[in-house]
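Since the structure comes first, as structure tokens, the remarks are kept for the end.
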Amino acid sequence: MTDPSAISADMQTQGYHFRLCGDGPPDMYQVLGERASGTNLIRKIIQRNARIFRTEGLGWKHGFPTMVAIPRDLLVVCAFRNAEDWAISMYKRPWHAHPNMQALGFSDFLRAPWLSIVDRPADFEMIHHEMKVEGMDLQFDRHPLTGERFGNLFALRRAKMEALLGMLNRDCHIALVKLEPFLADPEAFMTDFRAFYGLDPKREDFRMPSRRMGNNFNPSVENRDPAPERLSEDDRAFMLSQLNMPLETALGYSY
């Protein structure tokens, strides 16, 4: 990917990095990012507060980018989140995780080979109606080159983080956004976002979405162990052994 130093100053000081490609402002956008990284919230806030068309034309927002091409007027917004908070949130709402994964306690959930399935076909617009795939392995969560399952949750994070940052090499409008500073002041973010990309506000006042999509999650198993408030020393040590620390640092995350 692009040298991490090219983004680290922006990500560490303000929590986002904007880049234009070409002369004109973007006309549409898509948000990409792993589950539990704020993708839906970021998408809705942009949609409510900027005059720009939302598309899902690049494919599943939580997968590896697999688009045929990127239109010159499309802005790709990539979302990231602190690894510890992300892991806890993934355990609380393990979207598309196999029931066997959902039945694990937190520490085992972090360490188990990642297994997910197409449990909600309606979540995947790219599934053709003649393909009966409910309950099958979710290929978007396999390694895009080898086809192998990821060895654990943080291996999945590493690969998808590398894929998202690889968008910096694809000659397109791009915005890298950390969830934490975005949540701290979304209105200020939108002011900078619109100014940089030459977008008009949709209305005079700033609007937050009224509901969070994550609240719709229904587990596949009953009586799951509760998620911890913070990682234990052993779990934190395991996390640190698995992260791509140069990329985490470039994004402004220190553990």
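The values are calculated or read from the model by the stated rules, or taken from the named source; none is laboratory data. Everything numeric in this text was worked out from a predicted model, so none of it was measured. We place every Cβ from the backbone using ideal geometry, glycine too, and count neighbours over all the protein chains shown.
Just need a number here: residues in segment 61-71 that are touching a residue at least 60 places away in the same chain (Cβ under 8 Å) and surrounded by fewer than 17 Cβ atoms within 10 Å (Cβ to Cβ).
So the count comes out to 1.
Against the conditions (1) free of Cβ contacts under 8 Å to residues at least 60 places away in the same chain; (2) exposed (fewer than 15 other Cβ atoms within 10 Å of the Cβ), where does Ala6 fall short? Just the number, please.
(1) is the only condition that Ala6 fails.
Which condition does Ala36 not pass, out of (1) part of a strand (DSSP E or B); (2) at positive phi, if it passes all the others?
The one condition Ala36 does not meet is (1).
In this structure, does Arg236 turn out to be in contact (Cβ under 8 Å) with a residue 40 or more places away in the chain and outside any loop (DSSP other than H, G, I, E, B)?
yes
What number of residues in segment 18-48 are in contact (Cβ under 8 Å) with a residue 40 or more places away in the chain and more than 30 Å from His96 (Cα to Cα)?
Qualifying residue count, segment 18-48: 9.
If you go through segment 132-141 one residue at a time, do you hit one that is farther than 24 Å from Ala6 by Cβ and touching a residue at least 60 places away in the same chain (Cβ under 8 Å)?
Within segment 132-141, the subset farther than 24 Å from Ala6 by Cβ is 132-141.
Filter again for touching a residue at least 60 places away in the same chain (Cβ under 8 Å), leaving 140-141.
Yes, segment 132-141 contains a residue that is farther than 24 Å from Ala6 by Cβ and touching a residue at least 60 places away in the same chain (Cβ under 8 Å).
Return the residues of segment 152-191 that are surrounded by fewer than 20 Cβ atoms within 10 Å (Cβ to Cβ), closer than 25 Å to Pro121 by Cα and not aliphatic (A, V, I, L, M); say none if nothing qualifies.
Asn152
Looking at (1) outside any loop (DSSP other than H, G, I, E, B); (2) surrounded by fewer than 14 Cβ atoms within 10 Å (Cβ to Cβ); (3) of a type in the set (A, V, I, L, M, F, W, C), can you tell me which one Met208 breaks?
Against the list (1) outside any loop (DSSP other than H, G, I, E, B); (2) surrounded by fewer than 14 Cβ atoms within 10 Å (Cβ to Cβ); (3) of a type in the set (A, V, I, L, M, F, W, C), Met208 comes up short only on (1).
Hey, can you tell me all the residues within segment 105-129 that are without any contact (Cβ under 8 Å) to a residue 24 or more places away in the chain and crowded, with 17+ Cβ neighbours inside 10 Å? If you could, list the steps in order and put the result at the bottom.
Going residue by residue through segment 105-129, those that are without any contact (Cβ under 8 Å) to a residue 24 or more places away in the chain are 108, 117-118, 121-122, 127-129.
Hits for segment 105-129 are Ile117, Val118.
Sort out which residues of segment 1-33 are more than 16 Å from Ala79 (Cα to Cα) and either assigned to a strand (DSSP E or B) or among the β-branched types (Val, Ile, Thr) (or both), and write them in order of number.
Thr2, Thr13, Met28
What helices (runs of 4 or more DSSP H) lie completely within segment 87-191 and have 3 or more residues being closer than 13 Å to His62 by Cβ and modelled with pLDDT of 95 or more?
Result: 153-165.
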